[in-house]
Amino acid sequence: MAIPRLFKLPRHRQFEYRPVFYNPEREEREARNKEIKSELGLDENANSEFKPGIRRGSMRHYIKSQKRSERNSTVRLVIILMLLFFAAFLLLYK
């Protein structure tokens, strides 16, 4: 079992930069080729479903982790306040 900490240490974040190069001529050429293939019936992917680049459930996981961190910070705040009230009580009524 891990020992709970009062202060959360931040984890490092990695920076991933993937440059995107836009070539309008290539886009037009691919669109024309796709249109011609679909008209001729040569395109086997014409009826394929859209596949998004974002994986399903990734946002759900993010929201759950945010709620968990908010709950942990609230619990930490309550514990610190209880300790401060207890210390103030001991100092005032001693």
- prompt: How many nm is it between the label spots at Phe21 and Phe89, if each spot is 7 Å from the Cα in line with the beta carbon?
  reply: 6.9 nm
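Under the 0.36 nm per residue contour assumption, what length would be gained going from the current alpha-carbon distance of Ser69 and Asn33 to full extension?
On the way: separation 36, 0.36 × 36 = 12.96 nm, distance 4.97 nm.
Net length gain for the segment: 8.0 nm.
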- prompt: Could you name the lysines in cross-link range of Lys8, using Cα to Cα under 25 Å and dropping any fewer than eight places away on the same chain?
  reply: Lys64, Lys67
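Report the extension gain between Tyr62 and Leu40 in nm, rounded to one decimal, defined as 0.36 nm multiplied by the number of residues separating them, less their alpha carbon distance. Let's see the in-between values first.
Details: separation 22, 0.36 × 22 = 7.92 nm, distance 4.46 nm.
Contour length minus Cα-Cα distance gives 3.5 nm.
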- prompt: What residues of the range 63-94 lie in the reach of a label at Phe7, counting those whose backbone N is under 12 Å from a point 7 Å from the Cα along Cα→Cβ?
  reply: none
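Computed from the coordinates by the stated procedures, all read-outs in this text should not be read as laboratory data. Treat the numbers as computed from the prediction; the structure is a model and nothing was measured. All Cβ positions, even for glycine, are placed from backbone atoms using ideal geometry, and neighbour counts span all protein chains on display.
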